[in-house]
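Where a number appears in this text, it was derived from the coordinates with a stated rule and is not lab data. Not measured: the values here are computed from a predicted model. Here the Cβ positions follow ideal geometry from the backbone for every residue, glycine too, while neighbour counts run over all protein chains shown.
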Amino acid sequence: SVGATSITNAAAAAANQDPDLQRLLAKVERIGATTRRLDSVSNSSVAIGNGSNSASAGLEPVLADACSLSEMIRCTSELADRVSSKVRQLDCAKSRVTAGLQRVEDIIDLKACTDGVQKALQDEDYEIAAAHIHRYLTLDETVMRMTADASEGSTLEASFEVLHKSEAVLKDIVHKQFDLAVQRQDRASIERFFKIFPLLNLHQAGLEKLGGYLGGCLREQCEKARIAASSAAGQDGGAWAAQQLLQLYEAVAASVEVHQPLVETFYGPGHLFGLLQVLQNEVDAQAKRIVDRFRSLRDLDSRVRLARTSATRHQQSQQQYGPGSQAQMMYQQQQQQSQQLDAKQLDAVLSELAVLSSRTELYLRFVSRRCLTDWAAADSKGGGGGGGAASGAADSESESVEQRRQRKLDDFLGKCAVTRCIQKLVDEYCLLEEHFMREMLAKAVALDSGVGGSDPTDTRLADDAFFILKKCLRRAVSTGSADATCAALNRAADVAEAQLIGALRSRLGRGFPSGWVQDAFGSKASVEEARQAYLAALNCAEACRGNLRDLRRLLESDTTTGAGRRDREKLLSCLQAMDAGLGEALAAIVNEGVECLTEISLRPQVKQILAPLSNVSHVITEEELLAYEASDPWVEAACLRIGQLADGFQRLLLPPLFDTLLQSLAGELVLRAEKLIARKQFNRLGGLQLDREVRSLAACLSARAAWSVRDKLARLSQTAMLLGLESLDELTACWSDSVMAWRLTPAEVRHMLALRVDFRQDDVRRLRL
């Protein structure tokens, strides 16, 4: 090894001297490393081969076990097939045995029915006879004939013949006995034979018989009530109609309450609709008789004809003279004097029509609710034993069944005579209610225009008008008909727009007398009266806005109580439309009126009040500032005049309207003051004086109005603050202050700062805002 080492060292020394030898030695080294890796892989492959041989030897028992298991499964499968075949044979045999036993039982039952029905008929025990016939009807006669042999065929035929004859005889007896019980008013016998009809598969006939009997009872009750109320009807002129209709509906409800358990017990759930169909014929006849009598006593056709003629003439007068004009109002007053419809009598008729409609709507909802509940009970009883998968698959089908039933019920109630009769009354009610609203509003406007020299804050017109609207609309809600209520809301909006708002717009359209021209051509009394009339109309418009909000809240509460989702959405939509239309019209009237007051009365006064500001110098010394503080040159007098002007209007305007006018006054003061300030020059002390003056003006206005007036004066206050800055550096801190919301633009700020004589114009222009 020492020799090898020495040889290696010698080779390495030689390699260091010869580069080619060095490359050969590196190559030899790589070949040696590769040889060593191949030897390692060769050893590993031998180990893997030995492992594979041992694993192959271990798989042979597994293969044998798998073959054995496969054979066992095949044998089990063949055995299961043989067992299944035997089970099917047993099931078939069992079915045949069951069918045979059932046939034996049917034959025994047939024999028992044949013997029992004859004896029961002889003994007049009709319930037992009907039970035998019911059992016979459950048998499949065709199958029994097909399976009968020759020996028993004649016996079966004889039994069937006896049962057929007995069935016909029993049906005839039941019909006759029921009719006889109705003639004798024997309620026990009526119920007895009514229970027999379903045993004979005569469900519809039984319901028709009971419906006819209950209809006769209704007819007798209505006749007695009509005779008892005949004298009272002659005295009160038809108010009995609502009472008689209520008695009719209550009688139907009582009959349903008494007989529905009987129908459900012996006929099963789901048959109440058939009974009500029969009973509704008599309800229609009696209701139509009551309504016809009401129409005759109230002379309803004549009233409707007059109302329709009046509506046509009113529309023509509006097109000719314009809504709310003086000529149109005079024409309408002439029509009121010539027409024959008395408002007091018409009010009573409208109330009775509303009661008739409301009670009919209650009755129809009662019938609908009872029928739907009865059908739901039938579904729950019939579907109680269904499986989960079957019920899940039938969900869409059951939904369509519910829709068909609802459509069937709606069609029945919509086409019945009482619905058509009351619908006609509701249509006529809407026409008469519109006429009543129009005439009463016209009368209220006429009475208000006839009052001279009254207090401008007296809002009797607004109160009377919305009292009429509230009365009419709540009466429409009381009808219980969503369509009638929506029609009344729409017509109320049109009538109020034409009568009330048209009159207010016409009065305000004459303008607020300024006093210059009127004083020259008229007396002071007439000018003052015109001013009072203008302010009264403006106050009335503002009061109408408040009354409209109250009316909407009241009607929202009334219309959403007891109404369905679809009807509620329809009613709220019509109510919102009425509120939006009238609210926008009234707001426009008030805004135009305040603008007229501002232009004619406030703006000239503001010019006179702020006129001294242009003559007062604001480039002052400290001595002058102290002198101004001791004896103010103009702002105290201005605040006094502003207070007198505001107090004068405060006595003549409603509080919300006065606040609006005071905000308009503040806006005029700001606009005029900004124009005057823009023409002046200031130093710092003059800016401080201006700030003191602006604060005095703000205090004067805020003492008479809400804080919103201070918001109107924010621009003027910021202008005074800018003019009172000590240096331009202070503006940078103020402008970056996130607390203050600046109302002045950067250009306006530079313009105001340029009014300072002690600020360099170049410094102002270089400000970065």
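When peptides 120-126, 496-502 are ranked by their average number of other Cβ atoms within 10 Å per residue, the highest-first order is 496-502, 120-126.
Please report SER159, SER708 as a ranked list, fewest other C-beta atoms within 10 angstrom at the top and most at the bottom. Walk me through the intermediate numbers first.
Numbers: SER159 19, SER708 13.
Arranged by neighbour count, lowest to highest, SER159, SER708 become SER708, SER159.
The lysines within cross-link reach of LYS119, meaning a Cα-to-Cα straight distance under 28 Å and a gap of 8 or more places when in the same chain, are LYS111, LYS165, LYS171, LYS176, LYS195, LYS209. In a fully extended conformation the segment linking ASP20 and PHE467 would gain 148.5 nm over its present Cα-Cα distance, using 0.36 nm per residue.
In which sequence would ILE173, ILE31 go, from the one with the fewest C-beta neighbours within 10 Å to the one with the most? Show your work: numbers first, answer last.
Details: ILE173 17, ILE31 10.
By the 10 Å Cβ count, ascending: ILE31, ILE173.
Residues whose amide H falls under 5 Å from that of HIS618, counting only those 5 or more places apart or on a different chain, are GLN681, with hydrogens built in the peptide plane. A straight Cα-to-Cα reach below 12 Å connects LYS344 with the aspartates and glutamates GLU439, residues fewer than 8 places away in its own chain not being considered.
For the peptides 552-561, 276-285, the ranking by mean Cβ contacts within 10 Å, running from highest to lowest, is 276-285, 552-561. Report, in whole Å, the centroid distance computed from the Cα atoms of segment 404-423 and segment 694-769. The distance from the Cα centre of segment 404-423 to that of segment 694-769 comes to 73 Å. Ordered by the number of other Cβ atoms lying within 10 Å of each residue's own Cβ, fewest first, THR459, THR479, THR138 fall into the sequence THR138, THR459, THR479. Using a Förster distance of 41 Å, how high is the FRET efficiency between GLU127 and PHE366, based on the Cβ-Cβ distance and rounded to 0.05? Computed FRET efficiency for GLU127 and PHE366: 0.75.
Ranked by the mean number of other Cβ atoms within 10 Å of their residues, highest first, the peptides 75-83, 464-472, 409-417 fall in the order 464-472, 409-417, 75-83. Can you list the residues of segment 680-697 with backbone N under 15 Å from a point 7 Å past the Cα of LEU769, pointing along Cα to Cβ? Inside the label zone: nothing.
Shape verdict for segment 562-703, please, from the Cα gyration tensor: rounded (a/c under 1.5), prolate (a/b greater than b/c) or oblate. The shape class here is prolate.
Counting 0.36 nm for each residue step from ARG566 to LEU447 and taking away their Cα separation leaves a gain of 38.7 nm.
Label sites at GLU599 and VAL619, each approximated as a point 7 angstrom past Cα along Cα to Cβ, lie 3.9 nm apart. At R0 = 60 Å, how high is the FRET efficiency between GLU78 and VAL41 if r is their beta carbon distance? Nearest 0.05 is fine. After rounding to 0.05, the efficiency reads 0.65.
Can you tell me what the convex hull of the Cα atoms of segment 460-602 projects to on average, as an area in nm²? It would help to have the intermediate numbers written out before the result.
Values: hull surface 34.7 nm².
Its average projected convex-hull area is 8.7 nm².
What FRET efficiency, computed as 1/(1 + (r/R0)^6) with R0 = 60 Å and r the Cβ-Cβ distance, is obtained for VAL169 and LYS86, rounded to the nearest 0.05? Using R0 = 60 Å, I get an efficiency of 0.70.
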